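Comments concern the structure below.
Just so it is clear, none of the values below were taken in a lab; they were calculated from the coordinates. Since we're looking at a predicted model, the values are computed, not measured.
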Amino acid sequence: MQPLTKLVLPVILLMSLSGSAAALTLSSSDISHNKMMDNSKEFIGFGCNGGNISPQLSWSGVPKGTEYFAIFAYDPDAPTGSGWWHWQVINIPKNVNSVVAGAGDPKKNNFPAGSLQLKNDFGQQGFGGVCPPIGHGMHRYQFTVYALSQQIELPENYSSALVGYMVNAYSLGSATLEALYKRD
């Protein structure tokens, strides 16, 4: 039994040390996990007439080695076969831990220098609000913050899939808040 004791104690110690490290968390004063969003988050266009206002987001529990952040908003339920990218922001400096409501409007310039709001699947730069087809049922909107080990560099003609690949390649951790929306 002696060898087993020598093995168990270090494993328990390792588990308790790893459990004490804070995990990246994401919260919002505008949207809640598994709750309906209000009309202010709905796109303007494609038959939708909301406010197209991106939600306020805050994050904490930043992993060691984080140099930048990225924010994605994605609808996996869009009837496209590949989902729908509503928002992709990369290269947010490591000293930023929140964005205000409406930060997704590139005209407001609410992100620090060097941050990039990329084109969404509506073909526009910045946040493209929720806009599920009428009668398509409930859609899930996944707002995710990623802690990145380095800055993301993209070619001139990037795709949303390439952005996702690059962010995942340099991700040290992520946290997702999934809000809901439907149009009847």
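The figures follow:
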| read-out | value |
| --- | --- |
| Full-extension gain in nm, GLN124 to SER32, via 0.36 nm per residue minus C-alpha separation | 30.6 nm |
| Computed over the chain: relative contact order in percent, which uses C-alpha pairs under 8 Å that are six or more apart | 26 percent |
| Sequence-distant residues sharing a close amide H with VAL130 (under 5 Å, placed H) | GLU42, PHE43 |
| Choice from GLU67, GLU156, GLU42 with maximal GNM fluctuation in the chain (Cα, 10 Å cutoff) | GLU156 |
| Helix 2-20 vs. the chain, principal-axis angle (Cα, 0 to 90°, nearest 10) | 30 degrees |
| Extension reserve of the GLN151-HIS136 stretch, reckoned as 0.36 nm per residue once the Cα distance is removed | 1.6 nm |
| Among beta bridges that DSSP assigns inside the chain, antiparallel share in %, nearest 5 | 95 percent |
